[in-house]
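Every number here is computed from the coordinates shown, using simple stated rules; none is lab data. Bear in mind the structure is a predicted one, so any value in this text is a computation, not a measurement. Cβ coordinates were reconstructed from backbone atoms using ideal geometry, including for glycine residues, and neighbour counts include every protein chain displayed.
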Amino acid sequence: MYQDFSKIYDALMQEIDYAQWADYLFRIMLNHPKEITNILEFGCGTGNITCELAKKNFQLTAVDISEDMLVVADEKATQQGLHNISFFLGDMSSFQIEQTFDAVIACCDAVNYLTSIEQVQAFLYCSQLALKDRGLLIFDINTSSKYKEKIGDHTFTYDLEDLFCSWQNNPNFKEGYIDYELTFFVEGEDGRYDRYAETQRQYLYKVEDIYRCLKHLDYKDIKIYNFGTFHQGSNHNDRVVFVAEK
Ligand SMILES: C[S@@+](CC[C@H](N)C(=O)[O-])C[C@H]1O[C@@H](n2cnc3c(N)ncnc32)[C@H](O)[C@@H]1O
């Protein structure tokens with residue numbers, strides 16, 4: 001997962017406004033009564049949100065399970081002259097660290113890569129251990145209605161400068177997951193194209209099941225937002241954001 005794909009991740013995500021996404025997280029954090037200075041980010045990927053938050057002067061500790069994604073993230077932080085980020089290779093369902101944080105975040109459906117509700121529970125537990133008292137947890141998921149109605153079994157193609165990608169979706173809704181079969185061709189300096197192929201699997205979770213896990217771990221003041229807003233979110237939205245206090 002996320003090996004060669006790290007080479008093209010940013011090209012495929014170019015329509016996402018990460019500065020706006022970081023602003024939204026910032027507004028959620030501003031609503032929290034305790035000041036937030038340091039943040040632990042799980043599933044940081046190529047560091048797009050990480051760098052935006054670092055520019056806002058937060059101290060970031062960013063974790064990903066893919067070394068290839070971390071290499072890209074680290075280069076990006078260096079290029080942008082950001083010195084307030086530490087990167088770690090790790091799994092959000094078992095990660096432990098001695099330091100504690102004002103906030104833990106996991107963005108852009110990183111949590112949908114966890115393979116069972118028990119793993120989601122383990123991620124919530126690791127986050128709880130890493131949070132200071134009254135620290136804030138923020139994460140989002142793609143909802144099952146997005147997987148069923150928007151992503152489905154469609155095939156997308158991207159024909160970009162230096163890159164051609166075919167993204168084929170193979171859902172297994174009965175088992176609660178969807179596979180993405182990615183084939184991409186990247187143009188080299190000599191004008192020839194190298195072919196790469198990678199499969200990724202994301203899992204469908206119901207909002208109420210994640211809410212139950214948060215309650216079970218005694219998280220407080222749990223809010224569920226329709227992504228990008230402060231309105232109540234539900235399984236009918238494409239993406240929902242969970243915000244909870246330790
Ligand atoms: C869709 S990308 C999101 C990346 C980034 N948050 C963003 O906003 O662009 C999901 C990321 O989660 C990472 N990931 C998946 N499972 C993980 C796990 N168990 N622990 C840590 N990272 C994980 C993947 O390697 C990938 O970089």
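Remarks
- Charge dipole of segment 145-203 (Cα centre as origin; +1 on each Lys and Arg Cβ, -1 on each Asp and Glu Cβ, all else neutral): 540 debye, rounded to the nearest 20.
- Using θ = phi - 60° and Karplus 6.51 cos²θ - 1.76 cosθ + 1.60, couplings along segment 176-187 (whole Hz; Gly, Pro as x): x, 8, 9, 9, 10, 9, 10, 10, 9, 10, 10, 6
- Sparse-neighbour loop sites [GluC sites (Glu not before Pro); segment 132-177; at most 14 other C-beta within 10 Å; DSSP]: 161, 175
- Most to least packed among 126-134, 92-100 [average Cβ atoms within 10 Å]: 126-134, 92-100
- Dipole magnitude for the chain: about 1200 debye, using +1 per Lys or Arg Cβ and -1 per Asp or Glu Cβ, origin at the Cα centre.
- Cut-off under 5 Å, modelled amide H: who pairs with residue 41 long-range: 61, 62, 63, 105
- Selection among 180, 203, 167 by position relative to the dipole of segment 145-203 gives 203 as farthest towards the positive end (Cβ unit charges, Cα centre).
- Using a cut-off of 25 Å between Cα atoms, the listed pairs 174/223; 146/174; 174/206 include 174/223 as exceeding that distance.
- Across the options 31, 151, 240, the greatest Cα extent toward the positive end of the charge dipole of the chain (unit charges at beta carbon of Lys, Arg, Asp, Glu) belongs to 31.
- In sequence order, calculated HN-Hα J values of segment 195-204 (Karplus, 6.51, -1.76, 1.60; Hz; x Gly/Pro): 9, 10, 9, 8, 10, 10, 10, 10, 10, 8
- Relative contact order (percent, whole number), the chain, Cα cutoff 8 Å, 6+ residue spacing: 17 percent
- Using θ = phi - 60° and Karplus 6.51 cos²θ - 1.76 cosθ + 1.60, couplings along segment 134-143 (whole Hz; Gly, Pro as x): 6, x, 10, 9, 9, 8, 10, 9, 6, 7
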